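Q: Supplied in structure tokens, the structure appears directly below.
Computed from the coordinates by the stated procedures, all read-outs in this text should not be read as laboratory data. As the structure is a prediction and not an experimental result, all values here were calculated from the model. Every residue, glycine as well, gets a Cβ built from its backbone with ideal geometry; the counts of neighbours run over all protein chains shown.
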Amino acid sequence: MKIQQLSLFVENKPGHTAAPARLLANEGIDIRALYLADTEQYGIVRMIVSDWKKAAGILEAHGYIAKPTEVIAVEVPDRPGGMADVLGALDGSGINIEYMYAFPYPRGDQAILIFRFNDPDAAIARLKTAGINVVAGDDLLKK
Amino acid sequence: MNSTLETRVADCHPASVPDYIPVPELRDLQLGRMQAVVTRAWQQVKLFRSRMNDRGIEPGDIRSLEDIAKLPFTVKTDLRDTYPTGLFASSMKDVVRLHASSGTTGKPIVVAYTREDIDVWTSVLVRCLAGCGLHRGDIIQVAYGYGLFTGGLGAHYGAEALGAAVIPASGGNADRQIMLMKDFGVTAMCCTPTYFLHLIDRAADLGVDLRELPLRAGVFGAEPWTDSMRKRIEGASNIEAFDIYGLTEIIGPGVGCECRYHQGLHIFEDHFYPEIIDPETCEPLPDGTEGELVLTTLSKQAMPMIRYRTRDITRILPGTCECGRAMRRIARIGRRSDDMLIIRGVNVFPSQVESVLLEIEGTLPHYQIILTRTQGLDQMEVQVEVTPQMFNDKIGALQGLQGKIQSALDHVLGIRVKVALVEAFTIQRSEGKAKRVIDRRTS
């Protein structure tokens, strides 16, 4: 149920995000989802890619620090209130979202929410009980 | 130079009398004091005694000034290793003051003074200031930091004993410094040269023309500076700039100072005996040859220093100064034989930065210290390459790490430092080793 997301440290300077993107492109790695968290000095590129092990190998070979992190992908109806329902399922559980991002799913009228939780296993159980679809990595990568 | 009556009066301050002692008398005085201080150190300080014993020498073996070469050296780490009171030659009941400066790692270097030591320190400062043409009636603003740092209180005591009116402004708050200078008609400033450059810039911002103030002299020290800085300072403020030398381990400021001829710095060698050695072989070098300055305190009671290696590279200037002082001169200090940096007057060693990073990280990441100067003020940035161990994909965790490094560095170094996290392998390496310091400060 958990998905490996690849996080990359980049300085907040022109061209610093383009270079690793080009490296991945040259090796045929597809970036399915991406979120860039930024500060004034640096940023963290978080991405879900078609082959995270290969991608990590390529980036590390070029001197980047790329770290896999376990995240959870949740499918929600792409309509007003879709996200609010998912978050509502976590109410009162004490589970904290460390960060999240969203992107539209290419199939149908669904969207995908990516979460990093402080307690992923508890979160999965809680979401499933509420009837929310936690998406497996393979499904997410299908086009 | 302008040999006005005023200058001659200042030079003839009673405290300045030893400056003009005939050389043979000075050498006799030095030998007597050297024998006494070596005896005292041998009797009172275990480290000195055991080192002399190792060499098979005793105080009685010092029969001429040249015999000093028989004595072991003292280095900065000795002060750290014997922290806090291991090198004290007086009991605490006779100590009246402590000062400190940052050491090479962690613990500070602490020095002690008896009443007599404070009197000697004050007297050499009076001789410095009198040699700069200052006297009773002058209004001297001391913008060195007051506190553990020797600069503020050292200059203060000297200026007060000279009979000047002293404004103990301490460091910082440039606007207030300029207001005081202007409103009280300050005639002389004591601070670091870079801080004065900062005041020059700030005064311009405030629309104050320093050239129109009564200010006529600046006694600048605690960091090396260049003749081009002197020209800039003198041109922008219409003052006469003097270089003063000293170090905490020996006494603080006042070990030496320029006179109005500006031909090197007179060392007050009736209290501080200078030698120049080859920093590699440690062999003494003749006057005129460049090497590392080694100082022995001839009259210090609470904490005698025997052959202290200053790491400052200079040479003893041959010949006598036109001013007539018997005190030999050293050339202005331009560099050091170790990697110590002086930032806003504060001593900083790259090893201090390393120990902080090591403590926080568990391993030593690649890092680089970048020094720049903005508006006359030194800025220090420490760039740290992010390692896989450090990297966390939560922004808050990285910011927390950055803040932790920053506050540990501020604490250990005693100055404000900027910390930047940078990508791995971005710090330039030469032969596999990263260049630790990039100094972009220009005069």
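Q: Using Cα pairs closer than 8 Å and at least 6 residues apart in sequence, work out the relative contact order for segment A:70-141, in percent.
A: Relative CO of segment A:70-141 lands at 43 percent.
Q: How would you order A:13-24, B:314-325 from highest to lowest mean count of nearby Cβ atoms within 10 Å?
A: Taking the mean over residues of other Cβ atoms within 10 Å, the ranking is B:314-325, A:13-24.
Q: Under a cut-off of 27 Å between alpha-carbon atoms, report the lysines in cross-link reach of B:LYS231, not counting same-chain residues fewer than 8 places apart.
A: Partners within reach: B:LYS182.
Q: Counting Lys +1, Arg +1, Asp -1, Glu -1, what net charge surrounds B:THR82 among other residues with beta carbon under 15 Å of its beta carbon?
A: Details: positive: B:LYS46, B:ARG49, B:ARG51, B:LYS76, B:ARG80, B:LYS107; negative: B:ASP78, B:ASP81, B:GLU249.
Within the 15 Å Cβ shell, the charges total +3.
Q: Something else: May I ask for the distance between the Cα centers of segment B:188-212 and segment A:95-122, given as a whole number of Å?
A: 58
Q: Placing +1 at every Lys and Arg Cβ and -1 at every Asp and Glu Cβ, with all other atoms neutral, what dipole size does the protein assembly as shown have around its Cα centre, in debye to the nearest 20?
A: For the protein assembly as shown, the charge dipole is close to 160 debye.
Q: Here's a follow-up. Taking only C-alpha pairs under 8 Å that are 6+ residues apart, what is the relative contact order of chain B in percent?
A: 15
Q: Can you report the principal axis dimensions of chain B using only the alpha carbons, biggest first, rounded to whole angstrom?
A: That works out to 72, 63, 43 Å along the principal axes.
Q: Dipole magnitude of chain B about its Cα centre, charges +1 at Lys/Arg Cβ and -1 at Asp/Glu Cβ only, in debye to the nearest 20?
A: Here the size comes out at about 420 debye.
Q: With r defined as the distance between the Cβ atoms of B:GLU361 and B:GLU116 and R0 fixed at 45 Å, what FRET efficiency is calculated, to the nearest 0.05?
A: Once rounded, the FRET efficiency stands at 0.45.
Q: Also: Using DSSP, restrict attention to beta bridges with both residues in the protein assembly as shown and report what percent are antiparallel, rounded to the nearest 5.
A: Here the share of antiparallel DSSP bridges comes out near 75 percent.
Q: Helix-only mean residue ellipticity at 222 nm, the protein assembly as shown, DSSP H runs n ≥ 4 weighted -39,500 (n - 2.57), per residue, nearest 500. What is it?
A: -9500 deg cm²/dmol
Q: For peptide A:59-66, what's the mean number of Cβ atoms from other chains within 10 Å of each residue's Cβ?
A: For this peptide, the per-residue mean of nearby foreign Cβ atoms is 3.
Q: Can you give the mean number of other chain Cβ atoms that lie within 10 Å of the Cβ atoms in peptide A:3-15?
A: Numbers: counts 0, 0, 1, 1, 4, 3, 13, 2, 7, 0, 3, 0, 0.
Neighbouring Cβ atoms belonging to other protein chains average 3 per residue here.
Q: Can I ask one more? Compute the length gained on full extension between A:LEU141 and A:ALA84: take 0.36 nm times their separation in residues and subtract their Cα-Cα distance, giving the result in nm to one decimal.
A: Length gained, A:LEU141 through A:ALA84: 18.0 nm.
Q: While we're here: Specify the inter-centroid distance of segment A:36-68 and segment B:41-101, based on alpha-carbon positions, in whole Å.
A: So the two Cα centres are separated by 57 Å.
Q: List the aspartates and glutamates whose Cα lies under 15 Å from the Cα of B:LYS300, skipping any in the same chain that are fewer than 8 positions away.
A: Qualifying aspartates and glutamates at Cα under 15 Å: B:ASP94, B:GLU116, B:ASP117, B:ASP119, B:GLU249, B:GLU269, B:ASP270.
Q: How much net charge surrounds B:THR372 when only other residues with a Cβ under 13 Å from its Cβ are counted (Lys, Arg +1; Asp, Glu -1)?
A: In short, +2.
Q: Can I ask one more? Using the Cα centre of chain B as origin and beta-carbon charges of +1 (Lys, Arg) and -1 (Asp, Glu), tell me which of B:HIS13, B:GLY185, B:GLN389 is placed farthest towards the positive end of the dipole.
A: B:GLN389
Q: Separate question: B:GLU58 to B:ARG27: FRET efficiency via 1/(1 + (r/R0)^6), r the Cβ-Cβ distance, R0 22 Å, to the nearest 0.05?
A: With R0 = 22 Å, the Cβ-Cβ based efficiency is 0.50.
Q: Report the net charge of residues surrounding B:LYS404, where surrounding means a beta-carbon distance below 13 angstrom and charges are Lys +1, Arg +1, Asp -1, Glu -1. Intermediate results must be reported in sequence, preceding the final value.
A: Values: positive: none; negative: B:GLU359, B:GLU361, B:ASP410.
Net local charge, B:LYS404 excluded: -3.
Q: What number, in percent, do you get for the relative contact order of segment B:280-395 if the mean sequence gap of Cα pairs under 8 Å and at least 6 apart is divided by its residue count?
A: 15
Q: How many angstrom separate the Cα center of segment B:340-389 from the Cα center of segment B:228-283?
A: Cα centroid of segment B:340-389 versus Cα centroid of segment B:228-283: 28 Å apart.
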